[in-house]
Amino acid sequence: MPANISDHDARPRASASSIAEIDLGALLSNLQQIRAQIGDREILAVVKANAYGHGALPIAAYLSRNMPKPPLWAVAFLEEGIVLRAGGISGPIVLMTGAPQEQAGDIVAHDLSPVIFEKSTLQALSRAALRAEKEMTVHVKIDTGMGRLGILPAEALPFIEAVTKAPGIRLVGILSHFAHPDLVDADFTQGQLLSLQKIMGELEKGGIKVPYCHMANSAAVVGLNAAYLTLVRPGLMLYGYSNLENKERFQLKPVMQVKARVIALKKLPPGSSISYGRTYFTKKESRIATVSIGYADGYPCSLSNRGEMIAKGIRVPVVGRVCMDMTLLDVTAVPDLKLGDWVTVMGAEGEQCVWADELARWAETHPYEILCGIGPRVRRQYIS
């Protein structure tokens with residue numbers, strides 16, 4: 001059985017310097033909307049990178065208990081798969097970045113399903129499966145235009161045929177990866193999809209049946225029904241975000257909120273310099289708060305002098321350079337803020353909200369990096 005994740009008080013604990021509140025109800029709502037949209041197709045839930053910073057094992061355990069039909073699980077590396085298995089996750093776990101030959105024995109031992117795309121890996125996995133007297137499942141990746149992992153379409157059919165003949169190996173999936181995660185180049189995206197569909201058609205003509213064919217990322221789940229195929233791979237949208245403007249069919253709820261504690265408050269006269277490098281000077285007498293989160297916790301240094309947090313329901317600016325463990329705020333507009341209070345770094349408070357997509361715009365990056373960057377010092381607290 002999956003590890004039990006108990007409910008926690010929604011309030012940050014006094015001992016924490018910063019906290020990430022993970023709303024499991026929002027997570028479940030997001031996944032249920034995906035299920036309603038895609039019909040009978042399977043879901044490969046992306047929980048790599050510690051479930052985009054949300055906690056892979058708690059996320060997988062909660063969904064395993066609360067979905068009538070739990071999804072398959074996508075991780076990047078062997079170590080991530082072992083964490084899920086050790087925590088009691090029993091469903092299929094797909095290793096999306098492949099299978100180094102020296103890990104073949106461990107992959108078989110933990111009943112993981114690697115993505116493969118070259119013969120030496122296939123041979124190593126086959127030998128490991130025979131030694132263990134097991135049958136292992138694999139997915140074959142086709143490079144339809146990403147130029148990263150995968151076998152080229154011209155070489156795909158003979159490789160797939162070799163996979164079907166390898167002892168101890170069972171082919172269960174064919175996949176590819178969109179080069180434009182936001183699908184902005186419709187023609188190139190459509191060409192990639194057609195390339196994968198052509199290979200699947202040729203396999204069917206040759207009598208090779210593969211249960212899963214998958215290419216749909218979160219953006220495709222939202223905006224490209226033709227890419228659903230037999231399985232979809234939602235990642236970002238599980239955690240409440242979409243990188244498409246056209247997302248009206250979904251009411252996604254961000255799953256993570258981050259809060260930090262006020263650890264210092266002081267009044268500074270006009271002309272006072274703030275933080276390293278003296279990149280900010282007060283223009284008038286200002287009330288400056290130091291909060292307990294910095295770039296070591298995943299609050300990007302690029303938000304220096306441009307980010308905002310929420311204090312007592314009021315947006316307040318980041319001033320000066322973001323430090324390793326601390327960030328400074330001008331809280332002159334919040335006279336009732338006290339030492340030990342909490343500010344919202346990411347999330348909603350009162351009528352204000354600052355979510356990962358807004359932080360990403362300020363930092364000139366994308367919400368994936370913001371979410372994945374929230375470090376282990378920020379204690380996760382799960383609310384359901």
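The values are calculated or read from the model by the stated rules, or taken from the named source; none is laboratory data. Keep in mind the model is a prediction, meaning the values are calculated, not measured. Every residue, glycine among them, receives a Cβ derived from its backbone with ideal geometry; neighbour counts consider all protein chains shown.
See the values below:
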| read-out | value |
| --- | --- |
| Members of the range 292-347 that are of a type outside the set (S, T, Y), under 16 Å from A16 (Cβ atoms) and assigned to a strand (DSSP E or B) | W342, V343, V345, M346, G347 |
| Residue in the range 233-291 that is surrounded by the most Cβ atoms within 10 Å (Cβ to Cβ), counting only those that are among the aromatic types (F, W, Y) and assigned to a loop (DSSP other than H, G, I, E, B) | Y241 |
| Checklist (1) over 22 Å from A356 (Cα atoms); (2) in a helix (DSSP H, G or I); (3) touching a residue at least 24 places away in the same chain (Cβ under 8 Å) applied to L28, failing item | (1) |
| Some residue of the range 13-24 being at pLDDT 95 or above and assigned to a helix (DSSP H, G or I) | yes |
| Of the criteria (1) touching a residue at least 40 places away in the same chain (Cβ under 8 Å); (2) within 25 Å of Y276 (Cα to Cα); (3) of a type outside the set (D, E, K, R); (4) crowded, with 19+ Cβ neighbours inside 10 Å, which one L339 fails | (4) |
| Residue list for the range 98-126, restricted to those being on the phi < 0 side of the Ramachandran plot and among the small types (G, A, S) | A99, A104, G105, A109, S113, S120, A124, S126 |
| Hits in the range 174-224 - residues which are within 24 Å of D40 (Cα to Cα), small (G, A, S) and under 23 Å from the mean Cα position of the chain (by Cα) | S176, A216, S218, A219, A220, G223 |
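Condition check ((1) among the aromatic types (F, W, Y); (2) modelled with pLDDT of 95 or more; (3) crowded, with 22+ Cβ neighbours inside 10 Å) across all residues:
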position: G53; (1), (2), (3): no, yes, yes
position: A76; (1), (2), (3): no, yes, no
position: V83; (1), (2), (3): no, yes, no
position: G98; (1), (2), (3): no, no, no
